[in-house]
1. For an R0 of 22 angstrom, estimate the FRET efficiency from the Cβ-Cβ distance between Asn65 and Met38 and round to the nearest 0.05.
2. Roughly what angle does helix 15-28 make with the longest principal axis of the chain, taking Cα atoms, 0 to 90 degrees, to the nearest 10?
3. Between Asn29 and Tyr3, what length comes free when the chain is fully extended (0.36 nm per residue of separation minus the Cα-Cα distance, one decimal in nm)?
4. Taking amide H atoms as placed 1.01 Å from N in the peptide plane, list the residues 5 or more away in sequence, or in a different chain, whose amide H sits under 5 Å from that of Phe54.
5. Run down the aspartates and glutamates and flag those whose C-alpha is under 13 Å from the C-alpha of Lys16, throwing out any fewer than 8 positions away in its chain.
6. Could you point to the residue in Ser46, Leu58, Ile33 farthest towards the positive end of the chain's charge dipole, with +1 and -1 charges on the Cβ of Lys/Arg and Asp/Glu respectively?
7. Mean residue ellipticity at 222 nm from the helices of the chain, using -39,500 (n - 2.57) per DSSP H segment of n ≥ 4 over the full residue count, to the nearest 500 deg cm²/dmol?
8. Averaged per residue, what accessible area in Å² does the chain show with a 1.4 Å probe, protein chains only?
Amino acid sequence: GEYLTCTYKGSYENNKVYLTRLYEYAETNNLKIVGEPMEIYKVDISETSEEDEFITQLQVLVERN
C-alpha cells in the first residue's frame, strides 16, 4: 500500500503535532486515511537518554480518492 510518512527528532510529545500535519496533508491531497497511524522508533530511550536525540517515524496507510 501507500503510506504517508513523517520522521522527526525530539520528544514523543511531538506526535500530535506531526500526526495533525499528516492528516492535513492527506485531506489537502485527496487521500483517504485507512487504519491507525504507526509509530516506529528509530532512536529511542534504549539508545539514548537525551529526548532531543530521539528519532521517530510516523506512518499512516492511505488510499487515493
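The values are calculated or read from the model by the stated rules, or taken from the named source; none is laboratory data. Nothing here was measured: the structure is a model prediction, and the numbers come from that model. Every residue, glycine among them, receives a Cβ derived from its backbone with ideal geometry; neighbour counts consider all protein chains shown. Ligands, DNA and RNA are stripped out before the accessible areas are found, and what is left, the full protein with its side chains, is counted by its heavy atoms. Shrake-Rupley method; radii C 1.70, N 1.55, O 1.52, S 1.80 Å.
1. Calculated value: 0.55.
2. 20 degrees
3. Details: separation 26, 0.36 × 26 = 9.36 nm, distance 1.31 nm.
That pair, Asn29 and Tyr3, stretches by 8.0 nm at full extension.
4. Amide H neighbours of Phe54: Gly10.
5. Glu24, Glu39
6. Going by the Cα projections, it comes out as Ile33.
7. -7000 deg cm²/dmol
8. Normalised by residue count, the accessible surface of the chain is 72 Å².
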